[in-house]
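Heads up: the structure comes next, in C-alpha cells.
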Amino acid sequence: MRRLVEMAGLVLAGLVLAGCAQQPVDTGSFGTEPTTTPVGVSSLPVPPPKLSPQAKTALEQARREGARTVGLTVSTEPGKADEVAAAADRLGGTVETTDATIGYVRLTVPVDLAEEVTSLEGVSRVDVDEPLSNIDPTP
C-alpha cells in the first residue's frame with residue numbers, strides 16, 4: 001500500500017511540474033484587453049491541389065501531341081455533381097455521364113479549358129484520363 005501511495009505522489013509531482021513548464025496566459029485584468037498572438041498566413045493549412053501532378057503531366061503531354069480535347073474525371077462535393085456538370089457544359093465541355101450519389105462527373109473539354117474546370121464551384125478533384133496501352137501481357 002505504501003508503494004502505491006509513493007507512486008501516486010510521483011505521478012502528482014510530475015503533473016504539477018508539467019503544468020509549471022507551460023507559458024502563462026495573459027487573460028487581461030479588469031479594464032484591459034488580453035494580448036493575442038497574430039496568426040500568420042503560413043500557419044493556415046494549405047488545401048491540396050485539385051489537379052494532381054500526374055494530371056498536369058498528362059495535360060502537358062496532350063498539348064504537346066496536339067490533342068484538341070481531353071477527358072476528365074471530376075470528383076465533386078456532396079450534392080454538387082449536377083451543378084458541376086451544368087457549369088462544365090457552360091464552360092464548353094461535353095458531359096458524358098454523372099453520378100450524383102457518389103459525386104462523379106465524366107466529361108470531355110478542350111485542352112485549353114481543362115485547368116479551368118478545377119475552379120468551378122463544387123469541384124474537389126480533377127483527373128485527366130490517360131489512354132490505356134494495348135500491350136498483350138502474355139509472354
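The values are calculated or read from the model by the stated rules, or taken from the named source; none is laboratory data. Here the structure is a predicted model, which is why all the values come from computation and not from measurement. In this analysis, Cβ positions are derived from the backbone assuming ideal geometry, glycine residues included, and neighbour counts consider all displayed protein chains.
Taking the stated definitions as given, is residue 95 in a strand (DSSP E or B) and touching a residue at least 40 places away in the same chain (Cβ under 8 Å)? Outline the logic, then answer.
Working: in a strand (DSSP E or B): yes; touching a residue at least 40 places away in the same chain (Cβ under 8 Å): no.
Here the answer is no, as residue 95 does not meet what is asked.
Count, please, the residues in the range 105-126 that happen to be surrounded by 16 or more Cβ atoms within 10 Å (Cβ to Cβ) and farther than 17 Å from residue 59 by Cα.
5
So that you can scan it fast, the table gives a plain yes or no per residue for (1) closer than 15 Å to residue 127 by Cα; (2) exposed (fewer than 10 other Cβ atoms within 10 Å of the Cβ); (3) modelled with pLDDT of 90 or more; (4) not acidic (Asp, Glu):
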position	(1), (2), (3), (4)
12	no, no, no, yes
67	no, no, yes, yes
80	no, no, yes, yes
84	yes, no, yes, yes
